[in-house]
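The values are calculated or read from the model by the stated rules, or taken from the named source; none is laboratory data. What you are looking at is a predicted structure, and each value in this text was computed from that prediction instead of being measured. Using ideal geometry, Cβ is built from the backbone for each residue, glycine included, and neighbour counts are taken over all protein chains shown.
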Amino acid sequence: MYILECSDGSYYVGSTWDLSTRLDQHMSGTGSAYTSGRLPVALVYSVESDSIREVWEWERRVHGWSRAKRRALIDGRFDLLPGLSANRQATDDGP
């Protein structure tokens with residue numbers, strides 16, 4: 001599972017077996033319709049697993065997160081994650 005930060009400041013969450021190739025695709029504009037219109041992109045987070053099911057479930061979970069919760073994950077602020085649940089209406093002081 002990986003997170004890209006797009007040129008407009010938005011985050012793209014995806015998963016792949018080959019991160020290097022997938023990043024090349026995103027950076028060339030062929031990775032996804034979403035990122036192709038928001039180049040350049042930068043890899044800001046990635047995690048590996050041998051279980052495709054685990055990675056897919058993790059990706060689906062992060063897709064539902066707020067920007068603030070994704071930023072906490074990217075920054076390694078795992079202590080903030082429980083308090084940033086969607087039902088707590090977290091705010092984001094990001095860029």
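Hey, could you check region 8-19 for residues that are loosely packed, with under 15 Cβ neighbours inside 10 Å and farther than 22 Å from Ala72 by Cβ and say which is modelled with the lowest pLDDT? Spell out how you get there, then give the answer.
Narrowing region 8-19 to residues loosely packed, with under 15 Cβ neighbours inside 10 Å: 8-10, 17-18.
Checking the rest, the ones that are also farther than 22 Å from Ala72 by Cβ come to 17-18.
Details: Trp17: 89, Asp18: 93.
Checking each candidate, the answer is Trp17.
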Point to revise | Residue list for region 47-79, filter: surrounded by 15 or more Cβ atoms within 10 Å (Cβ to Cβ), closer than 13 Å to Tyr2 by Cα and of a type outside the set (D, E, K, R) | key: Val55, Trp58, Val62, Leu73
Review point. Do any residues in region 54-71 that are polar (S, T, N, Q) have Cβ atoms under 8 Å from those of residues that are surrounded by 15 or more Cβ atoms within 10 Å (Cβ to Cβ), where the two are at least six apart or on different chains, and which pairs are they?
Key: Ser66/Leu84; Ser66/Ala90
Check your understanding: Being basic (Lys, Arg), assigned to a loop (DSSP other than H, G, I, E, B), in the same structural domain as Gly9 (by TED's automatic domain parsing) and at pLDDT 95 or above, is that true of even one residue in region 20-37?
Key -> no
